[in-house]
Every structure is written in structure tokens, then in C-alpha cells.
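Remarks on the structure that follows.
Values quoted throughout were computed directly from the atomic coordinates according to the rules given, and no laboratory measurement underlies them. These figures come from a predicted structure and were not determined experimentally.
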Amino acid sequence: AAKSSSAKGQGKGKVKKRSTTGKSVTPNFHTYIYRVLKQVHPDVGIGKKAITVMNDLVNDMMDRIAAEAKLGVEIGRTGKTLKPWHIQTASRLILPGQVKEHADSEAKKALIKFNSARQKASTDS
């Protein structure tokens, strides 16, 4: 009887992989927060707890903006696609004062850079 159970491969080197479905993983922005800090203040350091707090702040703001943009998609009559202007409108509604203006100008710069790189790539090939 012992031979038949080992012949079936029970308990011999087979490891089941755990399923990762259903688990949501929050994005980690530690590296980017540190890089931006060094761009703005090269001589200033930051602790692990402070980076964790900043990471939580970024994740919270992203969740808020995404939720507001989703409402814009659901209310609007443009279909079910989340478009850049949904995110722009949501960030204008959620972010306060001067932060809103900086976010808007940085987003415009990023879009211009992205579109020019995409055009360059399409003309090269």
C-alpha cells in the first residue's frame, strides 16, 4: 500500500503555488518620493517612517482622484472609458489651491513629453 501512495506522487516534492487572486497590492512609491526629495533638497534626508507616511498620502490621494474620475465616467455620456480629462477634472476637484495649479501644469508637461516621444518613435520606424 505504501508503494501505491508514493507512486501517485503524494507528498513527494510537489509544492502547490499559492493563488494571488483576490489580494490587492497597494503601490509603493518609496523610491520616487526619495528621488523627488533629492531633486528638491539634495542635502536633506528622510526616515523610513516619514517615507511610509508620504507613501500612504500618495496612495490616498490616488484613490480619491480615481474614485472621483470613476464618478465622472459613470455620470458622463462618453461611454465607459476613463480618459485623461476625467483624471484632470477629478484632480481639480480634489486638490486644494496652489497644489491644483502645480498638478495641472506638471500633467500638461508630461502629456506633451509623452506625445512627442510617441510621435518620434512612430516616425523612426
### Task
Output ³J(HN,Hα) for region 28-39: one whole-Hz value per residue in order, computed from phi by the Karplus curve 6.51 cos²θ - 1.76 cosθ + 1.60 with θ = phi - 60°, and x for Gly and Pro.
10, 10, 3, 4, 5, 4, 5, 4, 5, 4, 5, 5
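In terms of the Cα gyration tensor, with a ≥ b ≥ c the square roots of its eigenvalues, is region 77-125 rounded because a/c is under 1.5, prolate because a/b exceeds b/c, or oblate? If you can, show how the numbers build up before the last one.
On the way: a/c = 5.83, a/b = 1.52, b/c = 3.82.
Verdict is oblate for region 77-125.
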### Query
Using 0.36 nm per residue, how much length does the chain from Ala67 to Phe114 gain when fully extended, once their Cα-Cα distance is taken away?
14.5 nm
### Message
Under the rule a/c < 1.5 gives rounded, and otherwise a/b versus b/c splits prolate from oblate, where does region 33-73 land using the Cα gyration tensor?
### Response
oblate
### Derived scalar couplings ³J(HN,Hα) [region 107-112; Karplus, 6.51 cos²θ - 1.76 cosθ + 1.60; whole Hz; x for Gly, Pro]
5, 5, 4, 5, 5, 5
